[in-house]
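Enquirer: One structure follows; several queries about it will come next.
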Amino acid sequence: MLIVNVDVWDGNSEELQKGVDVLVEGNKIKKIAKGIKAPDATTINGQGGTMTPGLIDMHQHLTLNGGTDAGNNWDAYVQGAHASRAAEYLLRSGFTTIRDIAGNSLGIKRAVKSERLQP
């Protein structure tokens, strides 16, 4: 995948790299530069947006949607559905790593990694 026309902040530099292209191969960023040529890549126009590294949230409660009293209001299946929605919301907000500090999130991790859930 080639993402063109973006500004990139790498998480270390003080400045944005302006108007660059980002070449992604598999799940790795292969190259960041101006004018990358990749004729076989799917090209996405970033329209001048800013790319950043994935954000990390070290304090989440995916499985406690509704607070500690949620178990009295929702069964485990509903709580799992709530946790799935919360995880998707975080991912769409730029968080690629989270730590659920109060709940049984191992099952959610397994479900996310499951091939059955892949489109």
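All of the numbers you see were taken from the coordinates with simple rules; none came from a lab. Computed from a predicted model, the values in this text were never measured in an experiment. Here Cβ is always computed from backbone atoms with ideal geometry, including for glycine, and neighbour counts include all displayed protein chains.
Enquirer: Quick check for me: using +1 on Lys/Arg Cβ and -1 on Asp/Glu Cβ, what's the dipole size of the stretch 2-51 about its Cα centre, in debye to the nearest 20? Before the final figure, lay out each step's value.
Expert: Details: 6 positive and 7 negative charges, 38 e Å.
Once rounded to the nearest 20, the dipole reads 180 debye.
Enquirer: Determine the dipole magnitude for the chain: charges of +1 sit on the beta-carbon of Lys and Arg, -1 on that of Asp and Glu, nothing else is charged, the reference point is the Cα centre, and the result goes in debye to the nearest 20.
Expert: About 340 debye.
Enquirer: Further, regarding this structure: Quick one: how many lysine pairs in the chain have C-alpha atoms under 23 angstrom apart, if they're 8 or more apart or on different chains?
Expert: Values: Lys18/Lys28; Lys18/Lys30; Lys18/Lys31; Lys18/Lys34; Lys18/Lys37; Lys28/Lys37; Lys28/Lys109; Lys28/Lys113.
Within the chain, the lysine pair count is 8.
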